[in-house]
Amino acid sequence: MGDSAAGLEARASLPKVGRPAHRVIAVDGSAASGKSTIGRRLAEKLGYPFLDTGLMYRAVTLASRERGVDTNDDTALTRLAEFIRMEVGPAAPHSGETCSISIDGKDVTSQLRRPDVEDAVSLVSRVPGVREALVRQQREIAGRQAMVMAGRDIGTVVLPDADLKVYLDASIGERARRRHAEFSNRGRTVTELIVLEDLRRRDQIDSERPISPLRAADDAIVIETDGLSQDEVLTRVIQLADGVR
Ligand code: DC
């Protein structure tokens, strides 16, 4: 996180939730809603570090695959999330990523969007112990510095006292179009229909899980982004950020 912000490491105690002394901004939304791109650009504009928490769930998923941990074994997944040494930093220039992540000293960022990770991440992020371990780390990071944090539960669970909570939404058709274009840019060939079906599956798992389901916080500002360009959404979010401390 920023050059000065040290990486993060799992710690034993859960820091208290409370209003931090510095400004923190939560950007939540469903898969392919644009939250990571908008969050990163907002952070850039404000000169804040940006944390894309989806990449942290992806990193635990990657580690589970590399170590042969079963995605149905909640206990083993929880232990993995608690004990791997995960460090988050700014994205490498021109990587097209929003953050970089290393596990036990090895940069794994380029592996985090692998199809097998994409397929399993919703299952791994359902596990309560995994969420607890990652939420603890996310709160520690936000406790140290002003920042923009993007995810699914930032406004509801991770930073309930955030200075600004934005929730981005778009129809599933629009999100499928965006995700398909993103995959094409990365050279991944898959039809838009398959992307749409996968988004529908992930939406269902993310919003029906019993712990921290995907939903807008009661005090979040919801922006429906269908028909809006990325720049238009960003302008709106910057205006909102300008309006809070
Ligand atoms: O935003 P993304 O597609 O990179 O997120 C990957 C997965 O992580 C997604 O299936 C939901 C999960 N996730 C979560 O449960 N909570 C967060 N704060 C961020 C992501």
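Residues that are within 10 Å of the ligand (Cβ to nearest atom) and free of Cβ contacts under 8 Å to residues at least 60 places away in the same chain within the range 40-58 comprise just one, LEU55. For the range 63-106, the set of residues classified as free of Cβ contacts under 8 Å to residues at least 12 places away in the same chain and of a type in the set (Val, Ile, Thr) consists of VAL69 only.
For ALA241, are the conditions met, namely being within 14 Å of the ligand (Cβ to nearest atom), closer than 19 Å to ASP163 by Cβ and either open to solvent by 40 Å² or more (accessible area, probe 1.4 Å) or in contact (Cβ under 8 Å) with a residue 24 or more places away in the chain (or both)? So ALA241 fails the test. In the set (1) more than 12 Å from the ligand (Cβ to nearest atom); (2) more than 22 Å from GLY143 (Cα to Cα); (3) modelled with pLDDT under 95, the condition left unmet by SER33 is number (1). Would you pick out the residues in the range 180-192 that are away from the ligand (no atom under 15 Å from the Cβ) and exposed (fewer than 14 other Cβ atoms within 10 Å of the Cβ)? If the condition is that a residue be away from the ligand (no atom under 15 Å from the Cβ) and exposed (fewer than 14 other Cβ atoms within 10 Å of the Cβ), then ALA181, SER184, ASN185, GLY187, THR189, VAL190, THR191 are the ones that fit.
Residues that are open to solvent by less than 20 Å² (accessible area, probe 1.4 Å), within 16 Å of the ligand (Cβ to nearest atom) and assigned to a loop (DSSP other than H, G, I, E, B): does the range 193-207 have at least one? Walk me through it before giving the result.
Filtering the range 193-207 down to residues open to solvent by less than 20 Å² (accessible area, probe 1.4 Å) leaves 195, 199, 202, 206.
The next check asks that each one be within 16 Å of the ligand (Cβ to nearest atom); those that pass are 195, 199, 202, 206.
Checking which are assigned to a loop (DSSP other than H, G, I, E, B) leaves us with none.
No, that holds for no residue.
Evaluated against (1) at pLDDT 95 or above; (2) more than 15 Å from ILE172 (Cα to Cα), PHE183 falls short on exactly one condition, (1).
Within the range 59-68, restricting attention to residues that are open to solvent by 30 Å² or more (accessible area, probe 1.4 Å) and either among the hydrophobic types (A, V, I, L, M, F, W, C) or assigned to a helix (DSSP H, G or I) (or both), the residue that is farthest from the ligand (Cβ to nearest atom) is GLU66.
Tell me, please, whether a residue that is touching a Lys or Arg at 6+ places or on another chain (Cβ under 7 Å), in contact (Cβ under 8 Å) with a residue 60 or more places away in the chain and on the phi > 0 side of the Ramachandran plot can be found in the range 155-167. No, the conditions are met nowhere in the range 155-167.
Look through ILE194, ILE223, ILE205, ILE211 and report the one residue that is closer than 30 Å to ASP119 by Cβ, free of Cβ contacts under 8 Å to residues at least 12 places away in the same chain and among the hydrophobic types (A, V, I, L, M, F, W, C).
Residue meeting the stated conditions: ILE194.
The values are calculated or read from the model by the stated rules, or taken from the named source; none is laboratory data. Remember, it's a predicted structure, so these values are computed and weren't measured experimentally. Note that we place each Cβ from the backbone using ideal geometry, even for glycine, and neighbour counts take in every protein chain shown. SASA here: full protein model, heavy atoms, side chains in, ligands and nucleic acids out. Shrake-Rupley method; radii C 1.70, N 1.55, O 1.52, S 1.80 Å.
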